[in-house]
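The values are calculated or read from the model by the stated rules, or taken from the named source; none is laboratory data. Values in this document were obtained by computation on a predicted structure and should not be read as measured data. Neighbour counts run over all protein chains shown; Cβ positions are idealised from the backbone, glycine included.
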Amino acid sequence: MSRRINFWSLCALWLMVFALSACGREPVYQSQSYVFGTLVDITIYGEEESRAAELASRIQQDFQRLHQKLHAWDESSELSRINRAIAAGESISIDTEMADIIEQAGVFSAASGGLFNPAIGGLIQQWGFQRDSFSAVDIDRKAIDRLVAANPRMEDIRINRKNDGRILLSSRNTAVRLDLGGYAKGYALDRAAAYLKSEQAKNALINIGGNVMALGRHGERPWHIGIQHPRKSGAIASLDLEDGWAIGTSGDYQRYFELDGVRYCHVLDPRSGYPARHLQSVTVLVPPGNLTGTRSDADSKPIFITEPENRKKMAQQLGLTHYMTIDQAGNISVSAAMQKRLQWKTDVKPNILQTLP
């Protein structure tokens, strides 16, 4: 099966902003674009249109800059330049932002015990997920085994901040290939939220392909969003997204291909080198705090990858209290804190396997 990114991004977002009535007196401005291989939607409430348009435009420009900087398979991107230097065993000069991103991604990787691993870009490329459309690939087991045996990890990367202001990156493992696809959207959310706050814009909803962050409210009510059903069109549930909260979903239903009746998705288990196959989707809800948007992106991956018996422990390890999983049979496991927030769609009868503490 082949799916073009622009098709599923437009037609099957991981999370959907529910339709909101325009009966209030305050203006609502909405801007859409296509960045990070997905649909980006910025909604600003209560600002005069020209000011809202300028704010949204600045955010979209920053997203485009980040997209180019962090693109894993565009040979002209800064990330590709870094990967070429690592492959050659060379040091490379990087800027402060890139150093901060890579160091923080390493912190997230360590917290997950290495299940979130942006250093496995070679494996992602081997599975055909570093391209703009997806189709079945020949599974080269020997190549996959070699890449796993090389054991590329974020801990292999060394960043040296010199006294003269230069920042040099190197890696003790030439098999490291950085792919920040599981980090960039969340990082962009945090930047957008910080910018809006600096401009005293109090009420906005930023949606990057299903990673969503809320500022303020939509008039007298919270922002209300839906969680995409992993096997049907439309939402399986909805919830109010309060000020400063962010939500994100990892699933097997957008970036994937099928081969001999087996679905292979883009979320890879770095231990085996193969796509994780326990779940259809994981949704995490992250409260206000440090790197809230980034956590909504990065923290769903270890839950998606880890074995069923270890999910609760992994969630605790990551500090997650609000999360929901849907397994391959459609069974739902939901934390008690998350269950309190969910509003199930009227045509959905959830088979809740367990409610976790």
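The sole residue among PHE63, PHE36, PHE18 that is assigned by TED's automatic domain parsing to the domain that holds PRO230, within 14 Å of ASN207 (Cα to Cα) and either touching a Pro at 6+ places or on another chain (Cβ under 9 Å) or modelled with pLDDT of 95 or more (or both) is PHE63.
Among ALA192, ALA204, ALA188, which is assigned by TED's automatic domain parsing to the domain that holds ARG295, farther than 19 Å from VAL282 by Cβ, buried (at least 24 other Cβ atoms within 10 Å of the Cβ) and under 11 Å from the mean Cα position of the chain (by Cα)?
Values: ALA192 fails: under 11 Å from the mean Cα position of the chain (by Cα); ALA204 fails: under 11 Å from the mean Cα position of the chain (by Cα).
Exactly one residue qualifies, and that residue is ALA188.
Does HIS266 satisfy the condition of being in contact with a Ser or Thr (Cβ under 8 Å, 6 or more places away or on another chain) and either at pLDDT 95 or above or farther than 25 Å from TYR34 by Cβ (or both)?
On the way: in contact with a Ser or Thr (Cβ under 8 Å, 6 or more places away or on another chain): no; either at pLDDT 95 or above or farther than 25 Å from TYR34 by Cβ (or both): yes.
Taking the combined requirement at face value, the residue does not satisfy it.
Screening THR96 against (1) in contact with a Pro (Cβ under 8 Å, 6 or more places away or on another chain); (2) closer than 15 Å to LEU70 by Cα leaves a single unmet condition, (1).
Given the residues ARG131, ARG161, which is the only one that is modelled with pLDDT of 95 or more and of a type in the set (Lys, Arg)? Of the residues listed, the single one that is modelled with pLDDT of 95 or more and of a type in the set (Lys, Arg) is ARG161. Is there a residue in the range 190-197 that is farther than 14 Å from THR43 by Cα and touching a strand residue (DSSP E or B) at 6+ places or on another chain (Cβ under 9 Å)? Yes; the residues of the range 190-197 include at least one that is farther than 14 Å from THR43 by Cα and touching a strand residue (DSSP E or B) at 6+ places or on another chain (Cβ under 9 Å). In the set (1) crowded, with 22+ Cβ neighbours inside 10 Å; (2) in contact with a strand residue (DSSP E or B) (Cβ under 8 Å, 6 or more places away or on another chain), ALA85 fails one condition alone, (1).
Tell me the helices (runs of 4 or more DSSP H) entirely within the range 241-357 that contain at least 2 residues that are among the basic types (Lys, Arg).
Values: elements: 292-298, 300-305, 311-318, 336-339.
Because the criterion is at least 2 residues that are among the basic types (Lys, Arg), the helices (runs of 4 or more DSSP H) in the range 241-357 that meet it are 311-318.
Scanning the range 228-249 for residues that are in contact (Cβ under 8 Å) with a residue 60 or more places away in the chain and within 18 Å of the chain's Cα centre (by Cα) gives GLN228, HIS229, PRO230, ALA246, ILE247, GLY248, THR249. Of all the listed residues (PRO288, PRO302), the sole one being surrounded by fewer than 17 Cβ atoms within 10 Å (Cβ to Cβ) and over 18 Å from GLY209 (Cβ atoms) is PRO288.
Among strands (runs of 3 or more DSSP E) lying entirely in the range 149-234, which contain 1 or more residues that are within 30 Å of ARG263 (Cα to Cα)?
On the way: elements: 157-161, 167-171, 204-208, 211-215, 223-228.
Result: 204-208, 211-215, 223-228.
Return the only residue of SER57, SER109 being surrounded by fewer than 19 Cβ atoms within 10 Å (Cβ to Cβ) and either out of contact with any helix residue (DSSP H, G or I) (no Cβ under 7 Å at 6 or more places or on another chain) or at pLDDT 95 or above (or both). Reasoning before the result, please.
Values: SER109 fails: surrounded by fewer than 19 Cβ atoms within 10 Å (Cβ to Cβ).
Answer to the selection: SER57.
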